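To start, the structure under review is shown below, and the notes come after it.
No lab work stands behind these numbers, since they all come straight from the coordinates. Values in this document were obtained by computation on a predicted structure and should not be read as measured data. No Cβ is skipped: glycine too gets one built from the backbone with ideal geometry, and neighbour counts run over all protein chains shown.
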Amino acid sequence: MISAEENKHLMEVGPGTLMGELMRRYWMPLAAQSELDDNPTKTVRLMGEDLVLYKDKSGTYGLIDLHCPHRRADMSYGIIEECGLRCNYHGWLFDETGTCTEQPFEGVAYPEANFKEKTPIKAYKIEPKAGILWAYMGPLPAPLVPDYDFLNEQGYKQIIYTDVPCNWFQCQENSIDPVHVEWLHSRWSKVLDPSSGVPGLEPKAHAKVGFSEFDWGLQYHRVFEGDTEDNEQWTIGRVCLWPNALFTGFFEWRVPVDDENTLSFAWFNNRVPGDEPFEQERIPFWRSPLVDEKTGRWINTHIMNQDFIAWVGQNALADRTQEHLGGSDGGIIMMRRRMLEEAQIVADGGEPKAVIRDPEKNKNLYLPRQNRNGRGGAFAQEPDGRAPRNRHLSGQPQEILDEMDKIWKERGAKPVKS
Ligand code: FES
Ligand SMILES: [Fe+2]
């Protein structure tokens, strides 16, 4: 059983904490690139630190302290310059490295003091990739943003944020939990809506589960009753991507905002019909609602919304000393142990699992995926030929559906004959 101390370690994300230092060794997806095109500054909170993300006029991204080192004004109201972000209170200017490059009054009145050299602002690295702005808050030199194979595939991509009011680690434990899929999704969906449930998730009982580790994470494997071990559910299973995502043919990152809040950052890619090349000009983003406005209860109609209900139901900070783990929880036990081991490696000055520094090795990293040539490979569509609707998250904006439907139609998607 887990001790109260271990439980606390697993959930702390602030600077100087055991897990906070481990998580600072990895790039975190923080925002959609398109969001900064719409508005060049964004207030963010990441691993307990309040920051402002910005894009300057030269196109450089920065992630700096929310508060100016002069007299603590809010930098998210700052003025975007050619190189950097200028505080709107007295005009101090900072670049993406955190260097203070101008102090208008000090520079004119007391140039010899060179005070700006003494007043850098806290700054972290940002890198764009696959329409995502990735943040790195660890020691330099920074490793490489992982080049997962799925990020490079053809298709219509979209990014969906949800603000989940609980600790990130209980969200990630869900990524190595096979049996919840049968109950929380398949069976509960049928209870909620007997006429439909979630298509493709007909209730099937688990007969066997297994867990394994590979270079980029952990995997769970399952055999449903009536199936054999030749099935991809067993040979491939699902990927619990190190350190904080689920990969099933799209990505769901659980980004630690602070100890009691998580940003669910989903990255979807739907292969578009037709063989001609496809370029997506802009990867759109949207925020999925958590609460049903009519009832004031959590939304339960979509797969990830059902997951959110389970996670927040464990309280903002899950008390693992009160659990009773069973045979289906082997992956949970494995992940907790591996996380604490890797956190200790960092505490001892070492390099943890899945940090990539060699550009030659960081090419199209293979992620195991079931049905590689089916749902994750061939394009998907609704039976009437429209683009696939998002069954994972509620509230997909109509303009995104319209854009997808237009693309599907132009590229020849046809109703399926029954
Ligand atoms: S508080 Fe930012 S320049 Fe004075
Ligand atoms: Fe789930």
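Summary table below
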{"quantity": "Gap separating the Cα centres of segment 340-418 and segment 175-197, nearest whole Å", "calculated": "21"}
{"quantity": "Selected from 326, 131, 14 as most flexible by GNM, with the chain as the system and alpha-carbon contacts under 10 Å", "calculated": "326"}
{"quantity": "Equivalent ellipsoid semi-axes, segment 143-196, via Cα gyration tensor eigenvalues times 5, rooted, Å", "calculated": "29, 18, 13"}
{"quantity": "Estimated translational D of segment 1-112 in µm²/s (Stokes, Kirkwood radius over Cα pairs; 25 °C; 0.890 mPa s)", "calculated": "155"}
{"quantity": "Packing-based exposure ordering (other Cβ within 10 Å, fewest first) of 294, 129", "calculated": "294, 129"}
{"quantity": "Cα extents of segment 136-227 along the three principal axes, largest first (Å)", "calculated": "52, 34, 29"}
{"quantity": "Formal net charge of residues neighbouring residue 163 (Cβ-Cβ distance under 11 Å; K, R +1; D, E -1)", "calculated": "+2"}
{"quantity": "Most fluctuating residue given options 173, 213, 399, as computed from a GNM of the chain linking Cα atoms under 10 Å", "calculated": "399"}
{"quantity": "Magnitude of the charge dipole, segment 149-410, Cβ model with Lys/Arg +1 and Asp/Glu -1, debye to 20", "calculated": "300"}
{"quantity": "Cross-link pairs 55/129; 42/125; 157/190; 157/409; 42/122; 55/125 - those with Cα-Cα distance over 19 Å", "calculated": "157/190"}
{"quantity": "Three-way shape label, segment 229-347, alpha-carbon gyration tensor, a/c 1.5", "calculated": "oblate"}
{"quantity": "Backbone HN-Hα couplings from phi across segment 244-255 [Karplus 6.51/-1.76/1.60, Hz, Gly and Pro as x]", "calculated": "8, 9, 10, 10, 10, x, 7, 10, 10, 8, 10, 8"}
{"quantity": "Relative contact order %, the chain, counting alpha carbon pairs below 8 Å whose residues are six or more apart", "calculated": "19"}
{"quantity": "Label-zone membership for segment 142-186, site residue 291, 7 angstrom Cα→C-beta point, backbone N under 12 Å", "calculated": "165"}
{"quantity": "Dipole axis of segment 253-360 (+1 Lys, Arg; -1 Asp, Glu on Cβ), positive-most option in 255, 325, 280", "calculated": "325"}
{"quantity": "C-alpha center-to-center spacing [segment 53-124, segment 255-333] in angstrom", "calculated": "36"}
{"quantity": "Reference-scaled alpha-carbon Rg (2.2 N^0.38 Å with N residues) for segment 315-418", "calculated": "1.71"}
{"quantity": "Mean ellipticity per residue at 222 nm, deg cm²/dmol - from DSSP H runs of n ≥ 4 across the chain, formula -39500 (n - 2.57)", "calculated": "-5500 deg cm²/dmol"}
{"quantity": "Label-zone membership for segment 33-73, site residue 89, 7 angstrom Cα→C-beta point, backbone N under 12 Å", "calculated": "66-73"}
{"quantity": "For residue 31, distant residues with modelled amide H under 5 Å away", "calculated": "133"}
{"quantity": "Sorted largest first, extent of the chain alpha carbons per principal axis (Å)", "calculated": "81, 57, 51"}
{"quantity": "Dimensions (Å) - segment 210-284, Cα atoms, principal axes, largest first", "calculated": "45, 44, 24"}
{"quantity": "Unit charges on C-beta of K, R, D, E only; dipole of segment 27-136, Debye", "calculated": "240"}
{"quantity": "Estimated FRET transfer efficiency when R0 is 22 angstrom, pair residue 344-residue 97 (beta carbons, to 0.05)", "calculated": "0.10"}
{"quantity": "Among 398, 306, 370, residue whose mean-square fluctuation peaks in a GNM of the chain (springs only between Cα atoms under 10 Å)", "calculated": "398"}
